[in-house]
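The values are calculated or read from the model by the stated rules, or taken from the named source; none is laboratory data. Remember, predicted model here, so these are calculated numbers, not experimental data. Quick reminder, even Gly has a Cβ in these numbers, built from the backbone with ideal geometry, and neighbours come from all protein chains shown.
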């Protein structure tokens, strides 16, 4: 998958801001080889693919595919899946089933 610099940078900045906005933040998606760290001073190299966190206000999803970044905060699972289908044409669940 090709990484688009502007989309990647936006996703990185957004992901870094999560620890400033939420007191309880836990990444729940499987960490990829290229993932972020919550250390504000650490350099985030690449944030592509789908990343999910739980917070005191609900789930946060950041998903980057090519030049598009989808961010969902505090939405229920069915609404998040509908957004993923609308933006990317597939959901994370459909992608994981295809990979099996």
Residue by residue through region 87-100, note down the ones that are at pLDDT 90 or above and over 24 Å from residue 13 (Cα atoms). 89
How many residues are closer than 17 Å to residue 52 by Cα and not in a helix (DSSP H, G or I) when one looks only at region 4-19? 0
Out of the residues in region 48-86 meeting the condition of being free of Cβ contacts under 8 Å to residues at least 60 places away in the same chain and assigned to a loop (DSSP other than H, G, I, E, B), tell me which one is farthest from residue 19 (Cα to Cα). 76
Name, by its number, the condition in (1) out of contact with any helix residue (DSSP H, G or I) (no Cβ under 9 Å at 6 or more places or on another chain); (2) at pLDDT 95 or above that does not hold for residue 72. (1)
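Quick grid of which residues meet (1) loosely packed, with under 11 Cβ neighbours inside 10 Å; (2) within 16 Å of residue 88 (Cβ to Cβ); (3) modelled with pLDDT of 90 or more:
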site: 3; (1), (2), (3): no, yes, no
site: 15; (1), (2), (3): no, no, yes
site: 20; (1), (2), (3): yes, no, yes
site: 23; (1), (2), (3): yes, no, yes
site: 27; (1), (2), (3): no, no, yes
site: 42; (1), (2), (3): yes, no, no
site: 51; (1), (2), (3): no, yes, yes
site: 54; (1), (2), (3): no, no, yes
site: 57; (1), (2), (3): no, no, yes
